[in-house]
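Undergrad: Got a structure for you, written out below as structure tokens; questions coming shortly.
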Amino acid sequence: MMGSVGLGLLYAARGFGTGIGPIIGRRMFSDEKDWVKVMGLAITFCGLMYMIVGFVNSLPLMLIFVLLAHSASGANWVTSTVLLQKRTVDTFRGRIFSTEWLLFTIGSSISTVIASLILEAGLMNVKSLIMVYGGMMALAGIFWSFTITQNEKIYQSQFRTSDQRKL
């Protein structure tokens, strides 16, 4: 069983990943028109990395995969926040971001309660639950890639067309 030092190291890996992910993501994907597609890939990648965390028994390997997962997650959060800021009318920006934070907090709270109930009832162990949550995240990323990314292509084509009309 992992002790408090191991848990602290996992949180540190998460923090480092969240810090370096946006820097690496910006360098790899400098063109904003690709960011919505990158978000779906990042969500999928993060979920897959957590599925691997559930499989491995070595703390050093867990640290690597948690760092990779949160690198993708950090890049996703920064790109999505930048796009949301750019696409939101100034007068609504505060309300949009407070709503986003509200939904994030509610989602985190609900998933934590569900996970604790599953663990408390003995329906799954922690490693299995990590794999299930990772799998759900990967599926969400795949869903994003086949829905939101397609809508973004339509949005960008309409945006380009309206820009060309102004010329």
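The values are calculated or read from the model by the stated rules, or taken from the named source; none is laboratory data. What you see is a predicted model; the values in this text were computed from it and never measured. Backbone-built Cβ (ideal geometry, glycine too); neighbour counts: all protein chains shown. SASA here: full protein model, heavy atoms, side chains in, ligands and nucleic acids out. Shrake-Rupley method; radii C 1.70, N 1.55, O 1.52, S 1.80 Å.
Undergrad: Mind counting the residues in segment 16-60 that are closer than 13 Å to Gly141 by Cα and of a type in the set (S, T, N, Q)?
TA: Selection size over segment 16-60: 1.
Undergrad: Another question, then. Within segment 11-26, take every residue that is out of contact with any Leu (no Cβ under 9 Å at 6 or more places or on another chain) and of a type in the set (A, V, I, L, M) and give me the one that is farthest from Val38 (Cα to Cα).
TA: Here the residue is Ile23.
Undergrad: State all residues of segment 27-53 that are under 15 Å from the mean Cα position of the chain (by Cα) and open to solvent by 30 Å² or more (accessible area, probe 1.4 Å); if no residue qualifies, say none. It would help to see each step written out before you state the result.
TA: Going residue by residue through segment 27-53, those that are under 15 Å from the mean Cα position of the chain (by Cα) are 35-51.
Hits for segment 27-53 are Lys37, Leu41, Ile43, Phe45, Leu48, Tyr50, Met51.
Undergrad: Then there is this: In segment 113-134, what count of residues is obtained for those that are in a helix (DSSP H, G or I) and open to solvent by 90 Å² or more (accessible area, probe 1.4 Å)?
TA: Selection size over segment 113-134: 2.
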